[in-house]
Amino acid sequence: MADLDGIAVTTLAGRTTTFGEWAGTVRLVVNVASRCGLAPQYGQLEELQKRYGKRGFTVLAFPSNQFLQEYRDSEKIAEYCTTTWGVTFPIMAKVRVNGRTAHPLYRELTKTPDTTGQAGRIIWNFEKFLVLPDGTVHRFRPRVLPDDPAIIALIEGAVPR
């Protein structure tokens, strides 16, 4: 897998940086959508952020409209996330997660197989990639909740006590 930290990302507010801005931390990358039935996972993602944020963990949300469930403009996405779920973690600009025009970060992350050994396309909103400080990536499909014991164990094993 390529070096993820050098990949450019843009925040919802339009600031360009790299994935490496959060290097050395545990990063949970999630493709999100405001109008998805799985949107209540935002609440669990925020709980993880509150619980582990000071210990070297962050959620990085990447809105995507590839499944036709995300708002068009950034202001609406930001308003929904903060008003409905109290989101404090970084939200990136809207991206494509599949296909030839997929964001470079997702082109790399989707090479990672899930627990059944399946790599490839994002199947729906709220697919999760847990990137550990050493660069190891773990993939969790959309219906695996953010507070799933497997995710919690990996976070606990990687963040300082």
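Values for this structure:
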{"read-out": "Residues whose placed amide H lies under 5 Å from that of Phe126, excluding near-sequence neighbours", "value": "Asn31, Val32, Ala33"}
{"read-out": "Region 7-62: C-alpha gyration tensor shape, a/c 1.5 cut-off, then a/b vs b/c", "value": "oblate"}
{"read-out": "Cα gyration tensor category, rounded, prolate or oblate, for region 49-117 with a/c compared to 1.5", "value": "oblate"}
{"read-out": "Integer Hz, Karplus 6.51/-1.76/1.60 couplings in order for region 98-111, x for Gly and Pro", "value": "10, x, 5, 9, 4, 4, x, 5, 6, 4, 7, 4, 6, 6"}
{"read-out": "Shape category assigned to region 73-157 from the gyration tensor of Cα positions, a/c cut at 1.5", "value": "oblate"}
{"read-out": "Net charge of neighbours whose Cβ lies under 12 Å from the Cβ of Ile77, counting Lys and Arg as +1 and Asp and Glu as -1", "value": "0"}
{"read-out": "Neighbour-count order for Ser34, Ser74, fewest beta carbons within 10 angstrom listed first", "value": "Ser74, Ser34"}
{"read-out": "Extended-chain gain in nm, criterion 0.36 nm per residue less alpha-carbon gap, Ala8 and Ser74", "value": "21.9 nm"}
{"read-out": "Only Lys, Arg (+1) and Asp, Glu (-1) charged, at Cβ; the chain dipole about Cα centre in debye", "value": "220"}
{"read-out": "³J(HN,Hα), Karplus 6.51/-1.76/1.60, whole Hz, each residue of region 80-89, x for Gly, Pro", "value": "4, 5, 7, 6, 7, 10, x, 4, 10, 7"}
{"read-out": "Difference of contour (0.36 nm per residue) and Cα-Cα distance, Thr101 to Ile152", "value": "15.2 nm"}
{"read-out": "Correct option for Cα Rg over 2.2 N^0.38 Å [calculated from the coordinates] among (i) 1.16; (ii) 1.81; (iii) 0.94", "value": "(iii)"}
{"read-out": "Region 44-58 - phi-based ³J(HN,Hα) in whole Hz, Karplus 6.51/-1.76/1.60, Gly and Pro as x", "value": "5, 4, 5, 4, 4, 4, 5, 6, 10, x, 6, 9, x, 9, 8"}
{"read-out": "Mean residue ellipticity (222 nm) of the chain, computed from DSSP H runs ≥ 4 via -39,500 (n - 2.57), nearest 500", "value": "-7500 deg cm²/dmol"}
{"read-out": "Cut-off 14 Å between beta-carbons: net charge of the residues surrounding Ala23, Lys and Arg +1, Asp and Glu -1", "value": "-3"}
{"read-out": "Cβ-Cβ FRET estimate between Thr112 and Arg51, R0 fixed at 30 Å, reported to 0.05", "value": "0.80"}
{"read-out": "For peptides 109-122, 20-33, sequence by mean Cβ density within 10 Å, most packed first", "value": "20-33, 109-122"}
{"read-out": "Antiparallel DSSP beta bridges within the chain, as percent of all bridges there, nearest 5", "value": "60"}
{"read-out": "Span from the region 144-161 Cα centroid across to the region 61-79 one, whole angstrom", "value": "26"}
{"read-out": "Qualifying lysines (Cα of each under 22 Å from Cα of Lys76; at least 8 residues distant if same chain)", "value": "Lys94"}
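Values quoted throughout were computed directly from the atomic coordinates according to the rules given, and no laboratory measurement underlies them. What you see is a predicted model, and the numbers here were worked out from it, not measured in a lab. With ideal geometry, Cβ positions are generated from the backbone for all residues, glycine too; neighbour counts draw on all protein chains shown.
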